[in-house]
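Undergrad: Pasting a structure below so you can have a look.
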Amino acid sequence: MKIKLFNLAIILLSLIPHHSIGEIYKYKDKNGNWVFGDKRKVHNQSAEKLAIKKKTHELNRPVVVKHKADNKYQLIIINPYHAPIDLKIKSTAFANGFLRKTIKADSTEILFEHTQSIPEYKYRWILGDPEADSTEEPYLFPVGSKQAYRITQSFKGRFSHYREPNIYSVDIAMPVGAYISAARAGTVIWVKDDYHMGGAKAYFLDKANYINVLHDDGTYAVYAHILQGTAEVKPGDKVAQGQRLARAGSSGYSTGPHLHFVIRKNQGFSIRSVPFHFMSDNGHVFKPKAGMIIKVH
């Protein structure tokens, strides 16, 4: 059973700065479907209060919760991401002992409903639709500032592109502050631009600033090491090919200012990188190789 979810409820999930997410209400629409929102009454209907408690740092991530409504026990998945997720959940509640399901972007669904209490459960999820099939359409070289740029590391690079999910990644040396632009149109999934330092030590591995953009074919691009505070987009934004996203920096695991660019997809409940071709601003299509000099006009 599927449920509509108000965007405001999702915003509340990610922004309330304490252990309780506050007040979220649910009511049935004229078709009998459950609708979630932040209003106590909607269209003159009484709404039931739904309280979900999670730690602050988990509030903006997909979560499976228990709930009771109309003398029925429910198991509910909330996906606040602007991208689908692949969910695996184990419980004796399901006929085969488990359930695997693709959950749509920015949505909530009832996974299980029964008159008796919900058994214990464990779950995992991964970003992306497992049915995604990457297209061979070339990606625009993701640089907006006009000058020449050197590809310092490409596919299967020995320094940091030797294992997934980065095997088919490209590093482009860029001066601090140069513009990074969208290689393909899509929807912004995540934005992180709150960290200012970088270095080639393990400490910095999870510190990089980045922007992730979901494409129509189900793949998504990662633009990493962006300069702190320079993101020009936010989650949920629709971006056009060539649109400015942020400025180049050296945040996170980095030896100098550059853009780390990679296309990823969910494959067998594992994130994999996808090989691709670039297209220059004059229409030339090429496979990225270390040492290449690409001039942006």
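The values are calculated or read from the model by the stated rules, or taken from the named source; none is laboratory data. Everything numeric here is computed off the predicted structure, so don't read it as measured data. Reconstructed Cβ throughout: ideal geometry from the backbone, glycine too, with neighbour counts over all protein chains shown.
Undergrad: Being closer than 22 Å to residue 107 by Cα, surrounded by fewer than 22 Cβ atoms within 10 Å (Cβ to Cβ) and either at pLDDT 95 or above or of a type outside the set (D, E, K, R) (or both) is the requirement here; does residue 218 meet it?
TA: Yes; evaluated as a whole, the condition is true for this residue.
Undergrad: Can I ask one more? Between 269, 261, which is crowded, with 21+ Cβ neighbours inside 10 Å and either farther than 27 Å from residue 198 by Cβ or hydrophobic (A, V, I, L, M, F, W, C) (or both)?
TA: Step by step, each of 269, 261 is checked, and only 261 is crowded, with 21+ Cβ neighbours inside 10 Å and either farther than 27 Å from residue 198 by Cβ or hydrophobic (A, V, I, L, M, F, W, C) (or both).
Undergrad: Please give the strands (runs of 3 or more DSSP E) falling wholly within the stretch 103-205 in which 3 or more residues are under 18 Å from the mean Cα position of the chain (by Cα) and more than 21 Å from residue 284 (Cβ to Cβ).
TA: So the answer is 121-127, 186-192.
Undergrad: All but one of (1) assigned to a loop (DSSP other than H, G, I, E, B); (2) at pLDDT 95 or above hold for residue 100; state the number of the condition that does not hold.
TA: With (1) assigned to a loop (DSSP other than H, G, I, E, B); (2) at pLDDT 95 or above applied to residue 100, the lone miss is (1).
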